[in-house]
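The values are calculated or read from the model by the stated rules, or taken from the named source; none is laboratory data. Only a predicted model underlies this, so the values are computations on that prediction, with no experimental measurement involved. Quick reminder, even Gly has a Cβ in these numbers, built from the backbone with ideal geometry, and neighbours come from all protein chains shown.
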C-alpha cells in the first residue's frame, strides 16, 4: 500500500532572497578597506613586521586613505531602499532579542528570530560606532593643525584601543561566517535555502513565505 499523498510541498532545494545587491555591495566594499586597515595597522604597530614590510610611509598612507574610505559605502548605501530596510531591521532591538542573548540554547529555534539575530545586530552597531570613533580620532591624529597636542595624544590612545577591539570583532565575525556556509552564500549570491532560513531566522522566513510572523 503506497504512502498517503500530502499537500505540503517539500522545501528541499528551495531558496529565497536574503540580501539585495546593494546590501551585498555595501558589505563587501566596507569589508575591503576594513581588512586593509587592520593589516596595515599590524605593520605600523609591530616593529618586526614593519621592518620586514618596509615602505612605512606608503603603508601609513594606505592605512589613512583606507580609513577615510570606510564610511563611504555605508553612506552611499542609504540611497538604496533595500539597504535602508536592512539597516532599519538591524537598528530594532526587541525583548525577543534580549531573551535570545540570555538563552543558552539560542540556536535551537525555540526563540523565533527575525531577519537578523541579536548577535548580528550587536555586531552591526559596534562596527558602525567603531568606524565613527576611528574616523574622528584618525582625523585628529592625521591633521595635526586641527587640535592641540593633548587632544592628539588622547585621540591616539582611543584610536589604538578601538582598533584592537575592531580587529577582534572582525576576526569573530569571520569565524562565525566560516562556520555557517549558508549565511556566507547569502552574502555572496543573495539567496539562502528556505529550510536554513526557517531554522535560523524563523520569523523572517515566515514573513517571506507570506505567513504571519515576527519581522524584527
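Determine, yes or no, whether residue 157 is assigned to a helix (DSSP H, G or I) and either at pLDDT 90 or above or over 26 Å from residue 19 (Cβ atoms) (or both).
On the way: assigned to a helix (DSSP H, G or I): yes; either at pLDDT 90 or above or over 26 Å from residue 19 (Cβ atoms) (or both): yes.
So residue 157 passes the test.
The rows are residues; the columns are (1) in contact (Cβ under 8 Å) with a residue 12 or more places away in the chain; (2) under 23 Å from residue 33 (Cβ atoms); (3) surrounded by 14 or more Cβ atoms within 10 Å (Cβ to Cβ).
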{"residue": "120", "(1), (2), (3)": "yes, yes, yes"}
{"residue": "128", "(1), (2), (3)": "yes, yes, yes"}
{"residue": "174", "(1), (2), (3)": "no, yes, no"}
{"residue": "200", "(1), (2), (3)": "yes, no, yes"}
{"residue": "208", "(1), (2), (3)": "yes, no, yes"}
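Whether any residue in segment 83-102 is over 23 Å from residue 201 (Cα atoms), loosely packed, with under 14 Cβ neighbours inside 10 Å and modelled with pLDDT of 95 or more is what I want to check. Even if it seems obvious, please write down each step before you answer.
From segment 83-102, those over 23 Å from residue 201 (Cα atoms) are none; that's our starting set.
No, because not a single residue in segment 83-102 is over 23 Å from residue 201 (Cα atoms), loosely packed, with under 14 Cβ neighbours inside 10 Å and modelled with pLDDT of 95 or more.
Right, residue 155: surrounded by 14 or more Cβ atoms within 10 Å (Cβ to Cβ), in contact (Cβ under 8 Å) with a residue 24 or more places away in the chain, within 23 Å of residue 71 (Cα to Cα) and out of contact with any strand residue (DSSP E or B) (no Cβ under 7 Å at 6 or more places or on another chain) or not? Explain how you work it out, then say what you get.
Numbers: surrounded by 14 or more Cβ atoms within 10 Å (Cβ to Cβ): yes; in contact (Cβ under 8 Å) with a residue 24 or more places away in the chain: no; within 23 Å of residue 71 (Cα to Cα): yes; out of contact with any strand residue (DSSP E or B) (no Cβ under 7 Å at 6 or more places or on another chain): yes.
Taking the combined requirement at face value, the residue does not satisfy it.
Please go through segment 196-216 and pick out each residue that is assigned to a helix (DSSP H, G or I) and in contact with a helix residue (DSSP H, G or I) (Cβ under 9 Å, 6 or more places away or on another chain). Break it down into steps so the answer makes sense when it comes.
Here is the first cut: in segment 196-216, the ones assigned to a helix (DSSP H, G or I) are 196-200, 202-208.
Residues satisfying the conditions are 196, 197, 198, 199, 200, 203, 204, 205, 206, 208.
When you look at residue 166, is it surrounded by 14 or more Cβ atoms within 10 Å (Cβ to Cβ), within 20 Å of the chain's Cα centre (by Cα) and not in a helix (DSSP H, G or I), yes or no? Step through it out loud before you land on a result.
On the way: surrounded by 14 or more Cβ atoms within 10 Å (Cβ to Cβ): yes; within 20 Å of the chain's Cα centre (by Cα): yes; not in a helix (DSSP H, G or I): no.
Against the criterion (surrounded by 14 or more Cβ atoms within 10 Å (Cβ to Cβ), within 20 Å of the chain's Cα centre (by Cα) and not in a helix (DSSP H, G or I)), residue 166 does not qualify.
Scanning for something touching a residue at least 40 places away in the same chain (Cβ under 8 Å), surrounded by 15 or more Cβ atoms within 10 Å (Cβ to Cβ), under 21 Å from the mean Cα position of the chain (by Cα) and on the phi < 0 side of the Ramachandran plot, does segment 136-151 turn up at least one residue?
no
Please determine, by comparing only the residues of segment 103-118 that are touching a helix residue (DSSP H, G or I) at 6+ places or on another chain (Cβ under 8 Å) and not in a helix (DSSP H, G or I), which one is surrounded by the fewest Cβ atoms within 10 Å (Cβ to Cβ). Break it down stepwise before answering.
Of all residues in segment 103-118, those touching a helix residue (DSSP H, G or I) at 6+ places or on another chain (Cβ under 8 Å) come to 106-107, 109, 111-118.
Next cut, not in a helix (DSSP H, G or I) only: 109, 111-117.
Numbers: 109: 13, 111: 19, 112: 17, 113: 25, 114: 23, 115: 21, 116: 20, 117: 20.
Restricting to residues being touching a helix residue (DSSP H, G or I) at 6+ places or on another chain (Cβ under 8 Å) and not in a helix (DSSP H, G or I), the top hit is 109.
For segment 81-102, how many residues are without any contact (Cβ under 8 Å) to a residue 60 or more places away in the chain, within 16 Å of the chain's Cα centre (by Cα) and assigned to a helix (DSSP H, G or I)?
5
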